[in-house]
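Encoded as C-alpha cells, the structure appears first; notes follow it.
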Amino acid sequence: MKHWLVIGGTGMLKEVSVWLIQGGNHVTVIGRQQNKMQRLINEAKNASNLTPLLVDYTNYNSFKTALIESQQTNGSFDCIISWIHGSDKKVWESLLEAIPTTKNIIIYHIKGSSSYLNNDRTKCYIPSNIIYREVKLGFIIEDNNSSRWLTNSEIAQGIIDAIEQEIPEKHVGVFEQWNLRP
C-alpha cells in the first residue's frame, strides 16, 4: 500500500482520489470545502483508507502542519498529485519542507492550459529525491472547429494514464491551434 497525497482532490481530481483509494492505497486529500470533502468521503468505498484534510494550501503554516501530522499518523508520502493554481513558490516550499528528503517521492504536477505558454520555474526548486512528472491540461477541438475545456472525467483519466504509464510528461487534450481554445 502506498501513501498518496492529492492536493485539490475533492473537485476535478475527485475521481483520481477515489481510484487511488479503490486501488488499496491510503490517500490523504487536501480540500477547502466541507461539502466537496463529504461527497468524496461518501463516494470512497473504503473510507478507512482516506485521510481528509480541510485546509487551504495558501495558509502555508496550516498546510505544512497538516501534511506533517498526516505523515506522522499514516507514514510518509510515496506519491503526490498536486493541483496548485499558478506556481506559488511559498506553497511549494511548504510542501517540500513537510516531506522527507531521505526517500524518493513521485510528484505529479497538474498544470492548466496556460502552462503551455508560460515558462513555469517549479522544476528549479525541486530537490533531487523528487521524481517530478507533469500533467498538462489542454482543451478539446470538436468536429465543427468549436472547442471546449476538458471535463473532470477526461482530466481524471489523463492523470490515471500518466500514473499507469509512468511517463515524465503527459498532455491531456490539445494545445495547438491555441486561437481556438474556449
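In the stretch 46-65, the condition of being surrounded by fewer than 21 Cβ atoms within 10 Å (Cβ to Cβ) and under 19 Å from E154 (Cβ atoms) is met by no residue.
Looking at T10, T73, just one residue is over 21 Å from Q157 (Cα atoms) and β-branched (V, I, T), and that residue is T73. The residue of the stretch 88-109 that is nearest to the chain's Cα centre (by Cα), among those that are of a type in the set (S, T, Y) and surrounded by 18 or more Cβ atoms within 10 Å (Cβ to Cβ), is Y108.
Output the residues belonging to the stretch 17-31 that are surrounded by 16 or more Cβ atoms within 10 Å (Cβ to Cβ) and free of Cβ contacts under 8 Å to residues at least 60 places away in the same chain.
Residues of the stretch 17-31 that are surrounded by 16 or more Cβ atoms within 10 Å (Cβ to Cβ), as a first pass: 17-21, 25-31.
Selection gives S17, V18, L20, I21, N25, H26, V27, T28, V29, I30, G31.
Restricting to the stretch 10-49, name every residue that is in contact with a Leu (Cβ under 7 Å, 6 or more places away or on another chain) and small (G, A, S). Scanning the stretch 10-49 gives S17, G31, A44.
The selection criterion, being at pLDDT below 95, within 18 Å of E134 (Cβ to Cβ) and surrounded by fewer than 19 Cβ atoms within 10 Å (Cβ to Cβ), does not hold for G8.
Just to be sure, is E43 surrounded by fewer than 20 Cβ atoms within 10 Å (Cβ to Cβ) and in contact (Cβ under 8 Å) with a residue 40 or more places away in the chain? No, not satisfied.
The values are calculated or read from the model by the stated rules, or taken from the named source; none is laboratory data. Keep in mind the model is a prediction, meaning the values are calculated, not measured. Positions of Cβ are backbone-derived with ideal geometry, glycine not excepted, and every protein chain shown enters the neighbour counts.
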